[in-house]
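The values are calculated or read from the model by the stated rules, or taken from the named source; none is laboratory data. Being a predicted model, the structure only gives us computed values, none of them experimental. When we count neighbours, we look across all protein chains shown, and the Cβ atoms used for this are built from the backbone with ideal geometry, even at glycine. Surface areas here come from the heavy atoms of the whole protein model, side chains and all, with no ligands, DNA or RNA. Shrake-Rupley method; radii C 1.70, N 1.55, O 1.52, S 1.80 Å.
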Amino acid sequence: MTLKLKNCGYSVGTHVLLQDISATIANGVVTGILGANGAGKTSLLHIATGAEKAQPGSVQLCQGDQDYLLDSLSLNKRASHIAVLPQSSELEFPFSVEEVVLMGRIPSASDDATNRMIVAEVLGLLSLTDFSNRIYTSLSGGEKQRVQICRIICQVYDDLPNAHLLFDEPIAPLDIAYQIAFFKLIRTLASQGAAIGLVLHDIDLACRFCDEIILMGAGKIIASGKAAEVITAESIRAAFDIEVSIGTGPNGSIQLVIAD
Amino acid sequence: MRKITKLPILALILLLLTVMMLSLGSTEVSLAALLRGNADAVVETIFWEIRLPRVLLAIIVGAGVSVAGAAIQGLFRNPLADPALIGVSSGAALFAAGFMVLNLDTSALGLLGVSGSAFIGGLLTSWLVLEIGQRSGTISSMLLAGIALNAIAIAGVGLFSYLSSDLELRSVTFWALGSFNGADWPSVVIALIIPVAIVFLARESRNLNAITLGDKDAFYLGIDVTRLRQRIIVLTAIIVGVGVALTGIVAFVGLVVPHLIRLTSSSNHAVVIPGSAILGAILVLIADGVGRTIISPAELPIGILTALLGGPFFIYLIIHQKGKLGI
């Protein structure tokens, strides 16, 4: 299943946040969304998920040759195909880790035992098995983030080929080891058919782990496609107003070299 | 699962306490004699017309204010939100007092009118607090707006009481400190809408869990947040409005009880709501029992006892949760 944005715009009052956005979050593909602060990355996630309505333009869910307008689907139906991790969590109540991750199963119709099994399996994916009875509010920022990531994965874990997983700056609170663990995990999920969208700030990691890159600036898409085509000295200058040269890491991946 | 097993124990305590409170009072009532049918006629009247409705009302209102507190805390995503603190209860009291000033009918129908206007007052205040909070976008401003509305409503109640020399308008003390003194069967019948609202709130447990994650997160889990908010506010306004109309403001119970359940059992609303209902009934029964016996035959308003217990607990929460509450 694929999420398609067609000529989308989005404004708040007279302030134009997005303009003429056409993009695809395709199944089996990891798409990285890059851009400067305020470039419209989070707004793009908001309209892609229906949290805000694109005006003009349309958002469609495509399955085979069937296209559904996102707006025409019930909130529950959307939730069973699209799971989203917002930038920050507001949870201040002392739920256990298991209870938090179980909330990801709210849209599903499966029984409690199945849900708990899925939660146990997903907690294992980010080394949280021993945390399941810990109190969420007592955890560190990085641990909380891993719990929230598990909640998002749990939401669609039983139907990955029809799942979209969208994360807004997921790796910011994670240490380098868990950043890599996170990327490996989402690569596995993509290989099982999930469509993945990530708002990221680390361009090197995005180039290393994403199949497709959408580079945004001032509410528009500057460039999109494979990392090697999108990340150039010119596009980085256009997006961030900084001077870089593009190097290659030992394993062939792209690395930004910041000019003096 | 293991955590839900505490609920039957609480329920058993409530049952035993109910039996105890039925016999306790300035007139000792022997339940055994009542059952055998050889009780004194006066004692029998006291039991049926005063003691039983009073105990029932304490159970219902205690359960109600605690569940309303749990629901409002979940909805506002803030462990310090409480209908009595953010002005919902005093908004209800203001409208109830206003109705009394305009219409002095104290028959059962009049009581229904007082309850109805208290419901509208509670609804209006919740809506204002939420609206102001959303406009400024922070939880602290929402709480502060509630405190301001609370002060305004209390002033309004005071003004009504001061202007009205009529004895029918209950005193400021009744509204501000609460009392189960006027409990009778008509009040119990009207109060029966509270358990109905509790059941509807319990059915929202899963949605309340989701909304503690954040409005956007709840939306992403397939929940229509605007509709949910409307349902929660109407249901809590029913509970608080009817409760306040019948017994005045029983402060701090709605704040403290859900916390005790969260601390000892779980934050899952499927546990917090039934747990708060039972524990709230227990605490209010005890407070009322103490209030009507400690300086017998006079009575201590229940709000004095609940505030003496709840106030320090509230301070403990503020210190303990410092930095995590957005204030």
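Using the Cβ-Cβ distance between A:ALA218 and B:PHE200 with R0 set to 60 Å, the FRET efficiency works out to roughly 0.80. Measuring nothing but how far apart in sequence close Cα pairs (under 8 Å, 6+ apart) lie, relative to its length, chain A scores a relative contact order of 26 percent. Counting 0.36 nm for each residue step from A:LYS226 to A:SER22 and taking away their Cα separation leaves a gain of 71.8 nm.
Calculate the dipole size of segment A:22-107 relative to its Cα centre from +1 charges on Lys and Arg beta carbons and -1 charges on Asp and Glu beta carbons; express the result in debye to the nearest 20.
Roughly 180 debye for segment A:22-107.
Under the definition of Cα pairs under 8 Å and six or more residues apart, what whole-number percent is the relative contact order of segment B:52-325? Reported relative contact order: 33 percent. Rg then Dmax, both in Å and based on the Cα atoms of segment B:148-260: 17.5, 55. Panel note: the C-alpha atoms of segment A:1-58, placed on their principal axes, show extents of 37, 24, 18 Å (largest first).
Peptide A:98-105 has a mean of 4 when you count, residue by residue, the C-beta atoms of other protein chains within 10 Å of its C-beta. Estimate the FRET efficiency between B:SER164 and B:ILE295 by the formula 1/(1 + (r/R0)^6), using the beta-carbon distance for r and 35 Å for R0, to the nearest 0.05. Calculated value: 0.80. Over all orientations, chain A has a Cα convex hull whose mean projected area works out to 14.9 square nanometres. The HN-Hα couplings worked out from phi for segment B:283-294 by the Karplus form 6.51 cos²θ - 1.76 cosθ + 1.60 (θ = phi - 60°) are 5, 5, 4, 4, 4, 5, x, 5, x, 8, 10, 5 Hz, whole numbers, x standing for Gly and Pro. Using the structure shown, select from A:LYS144/A:LYS226; A:LYS6/B:LYS216; A:LYS77/B:LYS6; A:LYS144/A:LYS220; A:LYS6/A:LYS144; A:LYS53/A:LYS184 the pairs with a Cα to Cα distance greater than 30 angstrom. Where the Cα-Cα span goes over 30 Å, the pairs concerned are A:LYS144/A:LYS226; A:LYS77/B:LYS6; A:LYS144/A:LYS220; A:LYS6/A:LYS144; A:LYS53/A:LYS184. Per-residue mean of foreign Cβ neighbours for B:268-277 is 1 (Cβ atoms of other chains, 10 Å radius). Considering only B:LEU163, B:LEU255, B:LEU56, the Gaussian network model of chain B with Cα springs below 10 Å gives its largest mean-square fluctuation to B:LEU163.
Taking the Cα centre of the protein assembly as shown as the origin, how large is its charge dipole in debye, to the nearest 20, when only Lys and Arg (+1) and Asp and Glu (-1) carry charge on their Cβ atoms?
That gives a dipole near 460 debye.
Once B binds A, the 1.4 Å probe can no longer reach about 2500 Å² of accessible area, counting both sides. Sorted from longest to shortest, the spans of the Cα atoms of segment B:72-163 along the three principal axes equal 43, 24, 20 Å. A simple spin-label model places pseudo-atoms 7 Å from Cα toward Cβ; at B:ALA11 and B:ALA33 they are separated by 3.3 nm.
Percent of accessible area on the protein assembly as shown owned by carbon and sulfur, 1.4 Å probe? All intermediate terms of the calculation are to be shown ahead of the outcome.
Details: 15320 of 24800 Å².
Reported share for carbon and sulfur atoms: 62 percent.
Counting only other chain Cβ atoms within 10 Å of each residue's Cβ, the peptide B:201-214 averages 3.
Quick check of the Kirkwood formula: for segment A:1-116, what is the inverse mean of 1/r over all pairs of different Cα atoms, in Å? Across segment A:1-116, the inverse of the average 1/r is 16.1 Å. Taking label points 7 Å from Cα along the Cα-to-Cβ direction, B:ARG227 and B:ILE50 give a separation of 5.0 nm.
Quick one: if the Förster radius is 22 Å, what FRET efficiency do A:ASP130 and A:VAL29 give, using the C-beta to C-beta distance and rounding to 0.05? Working shown, then result.
Details: r = 33 Å, r/R0 = 1.50.
In this case the efficiency is close to 0.10.
For chain A, the longest principal axis of the C-alpha atoms and the axis of helix A:141-156 are separated by about 80°. Once the 1.4 Å probe is applied to the protein heavy atoms, segment B:11-147 comes out at 41 Å² accessible per residue.
Taking the mean number of other Cβ atoms within 10 Å as a proxy for protection, how do you rank A:140-151, A:98-109, B:140-151 from highest to lowest? Don't skip to the end; give the middle numbers.
Values: A:140-151: 20.7, A:98-109: 22.2, B:140-151: 18.9.
Packing proxy ranking, top to bottom: A:98-109, A:140-151, B:140-151.
A dipole drawn for chain A from +1 and -1 charges on Cβ atoms has a positive end, and of A:GLY197, A:ILE171, A:SER74 the residue lying farthest that way is A:SER74. Between B:GLY116, B:GLY254, B:GLY64, the GNM of chain B built on Cα springs shorter than 10 angstrom shows B:GLY116 fluctuating the most.
Solvent-accessible surface (1.4 Å probe) assigned to A:TYR68 amounts to roughly 80 Å².
One-quarter of the Cα convex hull surface for the protein assembly as shown, in nm²?
Working: hull surface 125.0 nm².
The number I arrive at for the protein assembly as shown is 31.3 nm².
Packing here is the average count of other Cβ atoms within 10 Å per residue, and on that basis the peptides B:26-37, A:160-171, highest first, run A:160-171, B:26-37. With semi-axes defined as the square roots of five times the eigenvalues of the C-alpha gyration tensor, the equivalent ellipsoid of segment A:84-161 measures 19, 13, 12 Å, largest first. Ordering A:ASN115, B:VAL157, B:LEU260 by Cα displacement along the dipole of the protein assembly as shown toward the positive end leaves B:LEU260 in first place; charges were set at the Cβ atoms of Lys, Arg (+1) and Asp, Glu (-1).
Put simply, when B:74-83, A:35-44, B:15-24 are sorted by average Cβ atoms within 10 angstrom per residue, most first, you get B:74-83, A:35-44, B:15-24. Computed on protein heavy atoms with a 1.4 Å probe, the accessible areas place B:SER205, A:SER11 in the order A:SER11, B:SER205, largest first.
Overall shape of segment B:52-325 was characterised from the C-alpha gyration tensor. The equivalent ellipsoid obtained from it has semi-axes of 28, 20, 18 Å, in decreasing order. With the convex hull drawn over the C-alpha atoms of segment A:154-260, the volume per residue is 127 Å³.
To the nearest 500 deg cm²/dmol, what mean residue ellipticity at 222 nm is calculated for the protein assembly as shown from DSSP H runs of n ≥ 4 alone, each contributing -39,500 (n - 2.57), summed and divided by the residues?
Details: 25 runs with 324 residues, N = 587.
Helices in the protein assembly as shown give a 222 nm mean residue ellipticity of -17500 deg cm²/dmol.
About its Cα centre, how strong a charge dipole does chain A have in debye, to the nearest 20, once Lys and Arg get +1 and Asp and Glu get -1 at the Cβ?
Numbers: 18 positive and 28 negative charges, 55 e Å.
That gives a dipole near 260 debye.
In segment A:48-94, which residues become less accessible by 30 Å² or more once every protein chain is in place, relative to the chain on its own, using a 1.4 Å probe? Flagged in segment A:48-94: A:ALA51, A:LEU75, A:VAL84, A:PRO86, A:GLU90, A:LEU91, A:GLU92, A:PHE93, A:PRO94. Of B:GLY214, B:GLY241, B:GLY289, the residue with the greatest mean-square motion in the GNM of chain B, using alpha carbon springs below 10 Å, is B:GLY214.
What length, rounded to one decimal in nm, is gained on full extension from A:ALA233 through to A:SER140, with 0.36 nm per residue of separation minus their alpha-carbon distance? Spell out each step's value before the answer.
On the way: separation 93, 0.36 × 93 = 33.48 nm, distance 3.74 nm.
Computed gain between A:ALA233 and A:SER140 is 29.7 nm.
Take every Cα pair under 8 Å whose residues are at least 6 apart in sequence, average their separation, divide by the length of segment A:22-124, and the relative contact order is 14 percent.
In cubic angstrom, how much convex hull volume per residue do the alpha carbon atoms of segment B:171-327 span? Kindly include the intermediate steps, with their values, before the conclusion.
Values: hull volume 20.7 nm³, N = 157.
Dividing the Cα hull volume of segment B:171-327 by its residue count gives 132 Å³.
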